[in-house]
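Trainee: Please read through the structure below; I'll follow up with questions.
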Amino acid sequence: MADSSSSTVSEAAPPKECDATDFTDDVSGTSDPSMYGYIKQDLFTSEIFKVEIQNLPRFIGFNDMKKFLAKHGLNPHKVKLFSRFAFVTFKNEEDRDKAMKMVHGMQWKGHVLSVRLAKPKADPIQRKRKQEEGEGAGGQPPSKRAEGEEEEELSVQIANVVTPLWNVPYEEQLKRKEQEAVAVLQRLAKEIGSTNKAMMPWLFDMKGKHNKMCCPLETIRPSPTQTNYRNKCEFLVSMGADGEDKTVGFRLGKYKGGSCAVVGPADACHVSAEAKKVAHEFQKFIRSTPYTVYSPETYEGHWKQLTVRTTRTKQAMAMAFFNPQKLEETELDVLKSSMKKYFTDGEGKDSGITSFYFVREGQRQSPNAEDLPCELVVGDGCIYEELLGLKFRISPHSFFQVNTAGAEVLYSAVGEWAQLDQDSTVLDVCCGTGTIGISLAKRVKKVIGIELCQAAVEDAKVNTKLNGLTNVEFHCGKAEDVFPNIVSALVSPNITAIVDPPRAGLHSKVILAIRRAEHLKRLIYVACNAKAAMNNFIDLCRAPSNRVHGAPFRPVRAMAVDMFPQTMHFEMVLLFEREGNSQQQSNNQEETVPVCSP
């Protein structure tokens, strides 16, 4: 479900919201005060609530660490584990102090733990600047390139960042993604072997037939379109790599690598012409305003990001993210009025925008985009898309697959594998605007959707009416909270669950509820990052235990669908069936399916 393409450049500055996989300065001893100016700002950063836990037992893993902290009622924001120590950040001082008081002196597997305050991570931009100043003092200045040569290099550089396979033939791209899918299934086979010994005879047979994989892998299904396919793009607003201020585009590198410069999307092969036009007109507009771009170094400035969504129906939604800082409300009203005039009667009237939102992004607000105040400035509140002959409403924060033509391929494959009839009940978990469930509704008795985002649920309910459906219902809430009650209340003999979760996968409580629901025999898992979802796959298949109740599942079919051409990302679909559903498993094994080889 999560948007996996590398084109969505939305990395926040690490000092504001640190990446748990990168705490280089925690161990490098950086001590220059200028490196830590951000922690003195009136901003949210977990870096000021960070501790170091020392003398950890040997051979513990990340999950062991998280379980240990949770067992003692601690709620960390980020965890970075090293060989014998870990850095842990918290959301507030109270949680940090509670952890220090509770963990210090505690015994874990024979080791007495100690806790101390940890130094915050240095600002990567400041760190790079210091390095460059040091190199400049004793080194030669970089040689100047001809203007045309530099422009060409920038277009290649940004292509390598957002579409790294842009110069690889499409057949070769598909081959590489198939090889990635093979590696996932081979690893899953090993994990099943180590977590469920009872499956070894079946697993031995599967590995022998399918190149050491746990199930057959069908030939990858290509995207119908390989260029201009994205219906959603997130453009940053920053200084251009060419020196032009207030540039709308993609970041040339990552903030933690010391880069804030962006390059416009004109040469990006995956961005639609409609989105490029919107970005171009928005850039012209903000350059006409007195407001500067937001700086992740100083947390000053205003313009931050532009999100553009386009549809086959020739509608376009834009969302301008703006930090008001200390501007008066009257100044903001003037800005919004000028924006409305520009895009309705001014130069931007032919931009194609049918819906324009002004989004205030303050200093201490939630990092979740759906929680930000969102004000409609121009046009209609929603846009509409057509998919598989159905109509779908999309509001600003609702999830919708970024490749519409590819989504039709994906959902068609899910429909083929679900083996549904008029007695079937479909559980659509992490359903977004309801696309999967609605596309299957006419073939089944009932569809029940579960989704966290309230706006998406509202869209999903509207979409059922738009398509004349009466057998679909939606529930808003965390899947781990809502799913167990729904599935336990179902008495249908023919239940199929379809899960399309965010990149990190399903919460473990959902997996445990699926395992307990013995009447749930079939599960189709749509993973936008199969490696991240691996723990889900393993828990579905592992042997029953005190923690995991219910008969395990087996993977019986798998397939990759290319939703993100020009990148290494793809969607992976796995069909799991409950062990003991022998007749159905036998039928599946007898089916002739094209099996890919690496």
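Trainee: Among 239-245, 220-226, how do they line up by average Cβ neighbours within 10 Å per residue, starting with the highest? The partial results should precede the final answer.
Mentor: Numbers: 239-245: 15.0, 220-226: 18.0.
Final packing ranking: 220-226, 239-245.
Trainee: Provide 67, 521 in ascending order of the number of other Cβ atoms located within 10 Å of each residue's Cβ, fewest first.
Mentor: On the way: 67 11, 521 20.
In order of increasing Cβ crowding within 10 Å: 67, 521.
Trainee: Starting with the highest mean, order 89-99, 386-396 by the number of other Cβ atoms within 10 Å, averaged over the residues of each peptide. Could the numbers behind the result be given before it?
Mentor: Values: 89-99: 17.1, 386-396: 18.6.
Sorting 89-99, 386-396 by mean packing, highest first, produces 386-396, 89-99.
Trainee: Can you sort 417, 303 so the residue with the fewest Cβ neighbours within 10 Å comes first? It would help to have the intermediate numbers written out before the result.
Mentor: Numbers: 417 20, 303 24.
Listing 417, 303 from fewest to most nearby Cβ atoms yields 417, 303.
Trainee: Explain nothing, just the number: dipole magnitude of region 232-387 about its Cα centre with +1 on each Lys and Arg Cβ and -1 on each Asp and Glu Cβ, in debye rounded to the nearest 20. Mind dumping the intermediate values first?
Mentor: Details: 20 positive and 23 negative charges, 58 e Å.
Using only the charged Cβ atoms, the result is roughly 280 debye.
Trainee: Hey, another quick one. Taking θ as phi - 60°, what are the ³J(HN,Hα) couplings along region 534-540 by the Karplus curve (6.51, -1.76, 1.60), each to the nearest whole Hz, with x for Gly and Pro?
Mentor: Taking θ as phi minus 60°, the curve returns 4, 4, 4, 4, 5, 5, 5 Hz for region 534-540.
Trainee: I've got another one for you. At what distance in nm do the modelled label points of residue 292 and residue 70 sit from each other, each positioned 7 Å from its Cα along Cα→Cβ?
Mentor: The modelled label-to-label distance comes out at 4.4 nm.
Trainee: Among 154, 332, which comes first, second and so on when ranked by fewest other beta-carbon atoms within 10 Å? It would help to have the intermediate numbers written out before the result.
Mentor: Working: 154 18, 332 15.
Going from sparsest to densest Cβ surroundings: 332, 154.
Trainee: May I ask which of 71/91; 66/509; 246/304; 50/509; 66/98; 277/349 have a Cα-Cα span longer than 20 Å here?
Mentor: Too far apart for the 20 Å limit: 50/509.
Trainee: Output the antiparallel fraction of DSSP beta bridges having both residues in region 232-387, as a percent to the nearest 5. Before the final figure, lay out each step's value.
Mentor: Values: 22 of 30 bridges.
In region 232-387, DSSP labels about 75 percent of beta bridges as antiparallel.
Trainee: Right, another one. Arranged from highest to lowest average of other beta-carbon atoms within 10 Å per residue, in what order do the peptides 323-330, 468-475 appear?
Mentor: Details: 323-330: 12.1, 468-475: 15.5.
The peptides rank, most packed first, as 468-475, 323-330.
Trainee: Work out how much length residue 330 to residue 422 would gain on full extension: take 0.36 nm times their residue separation and subtract the Cα-Cα distance, in nm to one decimal.
Mentor: Details: separation 92, 0.36 × 92 = 33.12 nm, distance 5.81 nm.
Separation in residues times 0.36 nm, less the Cα-Cα distance, equals 27.3 nm.
Trainee: Just the number, please: percent antiparallel of the DSSP beta bridges in region 180-311, rounded to the nearest 5.
Mentor: Details: 10 of 13 bridges.
The antiparallel proportion sits near 75 percent.
Bear in mind these aren't lab numbers, they're just calculated from the coordinates by the rules spelled out. Remember, predicted model here, so these are calculated numbers, not experimental data. Counting neighbours? That spans all protein chains shown, and the Cβs are built from the backbone with ideal geometry, glycine included.
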